Amino acid sequence: MEVVSEVTPTCGARDDVWIPSTCGLCYGTCSILAHRVDEVLIKLEGNPDSAVGKGRLCGKGVSGLMTHYDPNRVRVPLRRTNPVKGIGIDPGWKEISWDEALDEVAERLRKLRAEDPRKLFIQRTTTVTSSRTPMQVFAGAFGTPNRSSAGGGLHCGNGAHLISGIMHASWSVVPDFQYCNYAVYFGASKGHGAGHASCSNMGMAADARARGMKMVVVDPMCNFAAAKATEWVPLRVGTDAALALAMCNVMVNELGIFDAPYLRAKTNAAYLIGPDKLYMRDVASGKPLVWDSSVNEARAYDAAKPDDMALEGDFTVNGVSCRPAFQLLKTHLARFTPEWAEPITTIPAKDIRRLGTEFGHEARVGSTIVIEGVTVPYRPVAAIAFRGSQGHMNSVYNFLAVDLLNQLVGSADMAGGCLGFNPASHGHPETGRPRYIPKPGPDGLMVTGSWMAHHVPYPIREPRLPEELGMQDLFVLCQTSPFSDSADREEMWKKFELPYRPEILLNYGTNLLMSIANRETVAKSLTQFKFIVSFDLFLTESSEFADIVLPDCDYLESVDSRPNFPFIFSLPGGMGEWCWPIKQPTVKPEGEQRRSSEVLIELADRIGMREDLNAAYNAILKLEGPFRLQSDRKYSYEEVCDAELKTNFGAERGLEWFKNNGLIKWPKKPEEVYWRHFVDVRVPIYWEFLPQLGEKIAALAEPRGLKIPRHYYEPLPDWIPCPAHDDPGSDRDLFAFYYRDIIHTNSFTMENPWLDEAARLDPFSYTIAMNAETGRRKGIEDGDEVWIESRAGRRVKGIVHLTEAVHPEGLGIAACAGHWGDGMPIAKGKGVFFNDLLELDFDHVSPVNLNLDLCVKVKVTRAKGARR
Amino acid sequence: MSVTSGRYEQLIQDLRAEVRPQREWIERQGLLLIVGHFLSGVAAGTWLFSLVFHFPAGLAVAYAIAALSAAAHLGFLGRPARFWKMWHARSSWIARGFVGLTLFLGGGVLYLIPIFLSASPWQSGSLIAQAGYFLALAGMILLLFYKGFVYSSSKGVPFWTSPILPALYLAYALRGGVAALLVICSFNGINLDSSALGLLELWIGISAAVMILFYLGVMSGSSPIEQYSVRELLRGRAAVSFYVGTLLVGLGVPIGIGLTGLGAPLSLGAVALVGLASVIGDFFVKYSIAKAGIYRSLTSSPHWRDKSAAVAGVPPLSVKP
Amino acid sequence: MRWGMAIDLKRCIGCYGCQLSCKAEHGTPPGVFFARVLKQEEGRYPTVRQLFLPVLCFHCDDPPCVDVCPTEASFKWPDGVVDIDAEKCVGCRACMMACPYTQRYYHDEEQFYFPGNGPTPYERARSQRHEAGVVMKCNFCRDRVRAGKQPACVANCPAIARYFGDLDDPTSEVSRLIKDRGGYTLHPELGTGPAVYYLPP
C-alpha cells in the first residue's frame, strides 16, 4: 500500500489548496484535484495518483466549475403555489425555509409510512453515483421496494447489466485492453466516450490501438468508437443478434473453432438437456447431469471431471433421450448462416464470414500467457456490447448472442478477452476488505460477488403477483421497470391486483420527463402522485411537477466514502491497481443548499425511523465491529462515511485520513483480474431457466389477460425483429436511434455553457445525422429543419446534418437533448428530443427484461420555412 | 453584454462551418478600417495629382481626406489612446502605413500652412515648407503603396495573398486621386485640363478593370478557398457590392462616360459624375475584396487529408469548400 | 531550445478534452478557443472515416502573425513560443488575417458565459484578467510550462495523444515520435515552420 497525494499545504495565510475528490459530471466518477484559491474554485484537474481517470479528465470533467457556479442553480427550498400540474404550467414557486420544507415532507412521509410504506416511490439519477447509498438506505429503512433510476435501467441496464451480471459477474464488460488483439464492439463505445471508467478506458483503448489491437465496430453510425475502428461495420439498427449468431455459426459449424475445455469447465455446455428443454437431473441430488465419457454414463456435473464431459452427441439417460447443451447450441446455430443474416443486417455475407473467421482465429484457443508469474489462458479477442445493441425488445438475445462469441472461444474474463469490470477482489492486503468473489449457486451457475441493483441477477427470483409497482417481482429479470411511468401502468396494476398505488415521489435529480420516453406519458404519471418532493441542482422540466424542491449540494460540496465502489461499476478493468477514492467537499455552498445525504438523515429522524436507518446503513455498507452504527444515535453522513472507511481500511484510516490522502490503492493480482480461471463457477450458454421462467410468469399473467410471448423465453438466443422492423408504413422508411454524445451526460450537461458551446460547434451533437445519399433522395439538404414522425404520430423537430457516416436507413440523434424549460436557460432549445418518439408500454419493452425498444421507424419531412 | 449577442451567434456559426469568412475587417467597426483604407488611398492620389496640376484646393482636400482616414483608423481601433501605442510601430506594412500617414499629416501641414495662411511664420519655398513638401511626398508614396501589401501579406486569407493586389490598390488610389480632383473641379467650376484628366481616368479605369479580371481569373484557378472567395464575390455575400459598386458604378459609368468623352468634351456635370462614380468604385473594390475574404481552412490542408485518408483506407475526396 | 508538440491522431478520439481543459485553464471568453477539435469525414458510405483534428496555435518558426504586427505585440520568445503582449496590442487584427491557421481570436468586449448574470466567481477569478479589445491565442500554457508542468491540453488528454517537448533536442520524446512516426505539419507549403506536428492515424 502506498500513501498518495497529500493535500498541498497552505502557503502563508492565503487559501491555496489542491483538494483530492471525485468528479460528478457523469457516472464515470474519475478522481479529481480541485484547486481552491481564496475560497473560490479555479480549476479542476485529474488526480494523477488515482487509477480512476489516471490524472486525466474528459471534456465534461474539466468543465465542472461551469456547472458548479451556474447562477441558475436552485439555492433555496421552494414550494409550489399552483396546485395545477402539467407541462409548461408555472408552479408558482415560493421560497420557504428548510424547516418548513422538512416539516412538511417529514409529516407526509410519516403518515404514508404508517399507512403503507410501499406507496413511496424513490427515483434517482444515474449521473450522481453518490446518491445511490443514501437513497438505497433510506428506501430500505422506510420499507419501500419501489426504487428506480429514471431512464437509466430502461435504456441500458436491463439487458447489459443483467447479462453482464449473469455471464461476467459484473455491471458491464470491456475488452482486456492490455492484451486484447481483436475487439468487436456491438453498439458500445468503451474507451471512446462516456460511461464506466470512461477516462481510464480512453487511455487504455488508445494504448491498445497503438499496440495494434484491431477494433471492429458494429454500429449504424460511424462516430466515437467507429471513428477509431480498424473496420466500421454499419448495420441496420437493432439487428446485432443476427450478425453475432452468424459469426458464432461460422466459428462453430464452418470452422469448428471453440474452446472445449473452457466450455466443459466454465459453462453449462456439457449439461444434458432433455426433450422438455430442461436439464436432466440426478434423481438423488437434483443436480444437472453431464455425460461422463470416461465411464459412459451420466453423472452430476460436479461428480465428473470436466475433461471427461461430452459436449456433443445423443445420449439416453433413464430411457430419456438427451443431448449436451452445446450440441443443442451447435445445431441451433446452424440455421444462422451469413447468407441468412445478410438481408437482415444489410452486412454482406462474405464480410460476416470473414468477421467470424477472424474472431475465431485471433482467439488462439488453447494458448496461455504468463502474467506476473501466473499462467492464465490467453484469448486475445473480445466481443462487447452495451446500450446500443441491447436497447431493443430483443434485448436479451441481442446481448447474449454477442457474449456467446466470448463464451465459445473461452475469452470470458481470460487474458486478452472480454472482461467484466473487476468481478473478484481479495481486498486490501492489510484488511482483506473489500473481498468478494463470484461463487457457484444453484446448478453450479455463477452468483456475482458484488452487485448494484435490487437483487442479484442469478439465482432468478420466483415470479409472484407484483407487490412492487414496477412489477420487477413478476418480471424478475428486469432491473428497472417502465411501469412506474408507462401509459398502461394503471391497466397493469389492475390486472395484477397491485394492492396499493404510489402516492409520494421522492425524486433525486432525475429529469424523467426527458430521460424515459415521450413526455406526455411520463407527465401523466407524474400528475397522479399526490405529492412530489425533488432534490435538485436546477429546476428541470420534471421539477415543475414537484410540490417541494430541495436545493441539493453538488459534487464539489458533498461527501461520499465510496464514489467508486462497487468496483464492478467504474473502476477500470484489467491489470493495474485497486483504487478507493473518496469525494469530499471542496467549498461551501453559496446559497442555502444542503447535502441530500444529510437531509435524508434529518428526514428519517423527523419521520421517526432513525433506528431503521442506522440498521440499513449497517447492512448495506457492511459495517462491522466497533464501526457499526448504534441504533439510537443520530449520525451525520460524514460519520457514516468515516465508519465505512474504518471498517474497510482500519481504524487509522477514517474520513480524515482520506480527506488528506484522497484515496487508497493497492496492486491487482492476476488471480483477481483473471479470476475465472481460478474460481470454480460456470455460466449458462444455455439458459435453461428461461423457458421455465416464461411459463411461471405466463401462469400468473395469462389468466389475467396479458399474453407472454414465449419465443422470447427460449434457452438459446434467436433473432427477433424489433417493432420498428415490422412497421409496415411505406412512408416511414428510416430507423431513428439515439446515441450517447461524448460531451454530454444524459440531459444534464447541456446547461453547462462550455459543453453547450462545444456541442454547438460539433457537427453532430445537436443535429440529426442522415445519410447524405438518403438526404439527396428525399430532397433534404444539410442544415434543413425537419419533422421526424413515428407511427403513433409523435413528432420531434431538428436540424439535419447530412453525412456519409451513417447507415442509409438510420437516423442518428444524440440523446436526451431538447430542453424546453426555463430552469436551465443555457440548455433550453438545444438539440433534438429523441425520447419524445418513444412509446412507453408493455408492447414496446422486452417481455423478458422490460428494456425499452429504442429504435423507431419514422417519416422525415421538411419543416416549413426550413433552411438554416 | 451577453453571450447571446448576434456577434457571438455569428462566430459560433462561422466556427462550425468548413469555410469561415473574415468579418473583423468588414463588419461593425471593421467597416471603418475599409473606409480608412479607402480614404488614405484617395488622399494620396489627390495629393499627387494636385501637385502635378498645381492645384492648392486639391491639396487641402487631400489633407482633409487623410485626416478623416486617420480618424476612421482610430475609430476602428476603438480607443484613441491606441494612437500612442502605434508609436511602437516598426516593421510591418501596417506600420509603414502608419508612418506614411504620420509623415503625410505632419509634412502636409507644414507645406500647406504658408499656402493658405498669409500670416504663417514661414513662407512657401522656405526650408520648413520644403521639408514639409518632401515629408508629405514620402508619406504619400507610402500611402499609395502600403495598403495592397497589408492585404497581400495576410496569409490567413488566401484570396488576398496575390501580388496583383498591391498593383490594383495602387491603381485605384491613383484613380481615386484623379476622380477626387474631377469632383472638386466640377463643384468649383474650375476647368483644369479636364479632358487630360478624363483621359487619365479612363486609362486607369480600364487598367483597373483589366487587373480585376486578371485577379479573379487567377484566383478562380487557385485553391478551393480562393475559388470560394471568387464565388462570394460573384454570387455570394459580396456580389451586390461587387456588381453594383465596383463594376457598374465604379467601372461601367466612368468608362462609359469616358468613352463618349473621347469624341466631344464632357460637361462639368459629366466630369463630376465620372469622378463621383470612380470614387465610389474605389471604395467598393476594397469593400468587396475585403468582404470576400475567407480564412484558410485547416481541414483542407492537403497533407493532412491525404495522409489521414490513406491510413483510413478511403480514397480522398476532392475538397468541398 | 524550441518548444513543440506532437499530436497522435491514432490515439485522439475527438473527446474535446483539450478544447475544454484549455478553457478551464485560461478561462477564455465565450467564442475564444486556444485549442479546438475539428471533425471531418473522408470517403463515401460505407468506406468512410470520421477524422478528428485537434488544433491550437502552431507556434511557427517564421510566424506570419509576428511579421504583420505593427506594434510588436505579437512576438516570439527565444524558446520558439509565439505570444501576444496584450499591453502592446492595438487590436488591429492584422495578425488574424495573417495567421494561416485561424488560431487567433479577437476579444472585442468583456463577456461572460451566463447571459445577464455577470461573471461567476470562477470567471471573476480566472477570466477577468483577459483584456478586451485585443487579440488572444494559445501560448503553450507559458505559466504552466515555466512552473515545470505540461500545457493543460497535454497534461489532461485522456487518450494520451499529445506530447510536448524540445524540438531542437533530437532525443526528446516529441522529436523521436515525429521522426519515427513521420510527423507532419499543416499547410507546409506556406513555409511557416509550425512547431505542432501530427502523427498519422
> Inside the range A:757-805, counting only strands (runs of 3 or more DSSP E) that do not spill past its ends, which hold 2 or more residues that are under 15 Å from A:Asp733 (Cα atoms) and of a type outside the set (A, V, I, L, M, F, W, C)?
Replying inline: A:784-790
>> Can you go through C:Val82, C:Val55, C:Val68 and tell me which one is at the interface with chain B (Cβ under 9 Å from one of its Cβ atoms) and crowded, with 24+ Cβ neighbours inside 10 Å?
In response: C:Val68
> Name the residues in the range A:280-293 that are outside any loop (DSSP other than H, G, I, E, B) and either more than 23 Å from A:Asn406 (Cα to Cα) or at pLDDT below 95 (or both), would you?
Replying inline: A:Arg281, A:Pro288, A:Leu289, A:Trp291, A:Asp292
>> Criterion first (away from chain C (no Cβ under 11 Å) and surrounded by fewer than 24 Cβ atoms within 10 Å (Cβ to Cβ)) does A:Ile163 satisfy it?
In response: no
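Rundown of residues vs (1) touching an Asp or Glu at 6+ places or on another chain (Cβ under 7 Å); (2) modelled with pLDDT of 95 or more; (3) in a loop (DSSP other than H, G, I, E, B), yes/no style:
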| residue | (1), (2), (3) |
| --- | --- |
| A:Phe326 | yes, yes, no |
| A:Arg335 | no, yes, yes |
| A:Pro343 | no, yes, no |
| A:Lys350 | no, yes, no |
| A:Gly356 | no, yes, no |
| A:Arg364 | no, yes, yes |
| A:Val376 | no, yes, no |
| A:Tyr397 | yes, yes, no |
| A:Asp403 | no, yes, no |
>> If the requirement is being in contact with an Asp or Glu (Cβ under 6 Å, 6 or more places away or on another chain), without any contact (Cβ under 8 Å) to a residue 60 or more places away in the chain and more than 8 Å from chain B (Cβ to nearest Cβ), which of these qualifies: C:Tyr16, C:Tyr45?
In response: C:Tyr45
> Taking the range A:166-203, which residues are within 14 Å of chain C (Cβ to nearest Cβ) and charged (D, E, K, R)?
Replying inline: A:Lys190
> Among the listed residues A:Gly783, A:Gly775, which satisfies the condition of being without any contact (Cβ under 8 Å) to a residue 60 or more places away in the chain and surrounded by fewer than 23 Cβ atoms within 10 Å (Cβ to Cβ)?
Replying inline: A:Gly775
> Going through the range B:96-121 one residue at a time, which ones are closer than 18 Å to B:Val35 by Cα and of a type in the set (A, V, I, L, M)?
Replying inline: B:Leu101, B:Leu105
>> For the range A:55-79, give me each residue that is at the interface with chain C (Cβ under 8 Å from one of its Cβ atoms) and either at pLDDT below 95 or assigned to a loop (DSSP other than H, G, I, E, B) (or both).
In response: A:Gly55, A:Arg56, A:Leu57, A:Cys58, A:Ser63, A:Tyr69, A:Asp70, A:Pro71, A:Asn72
> Is it true that B:Leu11 is among the hydrophobic types (A, V, I, L, M, F, W, C) and within 12 Å of chain C (Cβ to nearest Cβ)?
Replying inline: yes
> What are the residues in the range B:121-170 that are within 14 Å of chain C (Cβ to nearest Cβ), touching a residue at least 24 places away in the same chain (Cβ under 8 Å) and either touching a Pro at 6+ places or on another chain (Cβ under 6 Å) or part of a helix (DSSP H, G or I) (or both), if any?
Replying inline: B:Leu142, B:Tyr146, B:Lys147, B:Phe149, B:Val150, B:Tyr151, B:Lys155, B:Gly156, B:Pro158, B:Phe159, B:Trp160, B:Leu165
> From the list A:Gly12, A:Gly86, which residue is away from chain C (no Cβ under 13 Å), surrounded by fewer than 21 Cβ atoms within 10 Å (Cβ to Cβ) and either at pLDDT 95 or above or within 19 Å of A:Gln593 (Cα to Cα) (or both)?
Replying inline: A:Gly86
> Considering the range A:208-231 alone, what residues qualify as being buried (at least 24 other Cβ atoms within 10 Å of the Cβ) and polar (S, T, N, Q)?
Replying inline: A:Asn223
>> Among the residues in the range A:224-247, are any farther than 19 Å from A:Asp302 by Cβ, polar (S, T, N, Q) and in a helix (DSSP H, G or I)?
In response: no
> With respect to the numbered conditions (1) modelled with pLDDT under 95; (2) more than 18 Å from C:Pro194 (Cβ to Cβ), which one is the sole condition not fulfilled by C:Asp67?
Replying inline: (2)
>> Could you check the range A:108-127 and list, in sequence order, the residues that are surrounded by fewer than 18 Cβ atoms within 10 Å (Cβ to Cβ) and touching a residue at least 24 places away in the same chain (Cβ under 8 Å)?
In response: A:Arg110, A:Asp116
> Does the range B:31-52 contain at least one residue that is more than 11 Å from chain C (Cβ to nearest Cβ), free of Cβ contacts under 8 Å to residues at least 12 places away in the same chain, not in a helix (DSSP H, G or I) and not charged (D, E, K, R)?
Replying inline: no
> Do we find that A:Glu115 is within 23 Å of A:Ser525 (Cα to Cα) and of a type in the set (D, E, K, R) in this structure?
Replying inline: yes
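The values are calculated or read from the model by the stated rules, or taken from the named source; none is laboratory data. Predicted model only: the values in this text are computed from it and were never measured. Counting neighbours? That spans all protein chains shown, and the Cβs are built from the backbone with ideal geometry, glycine included.
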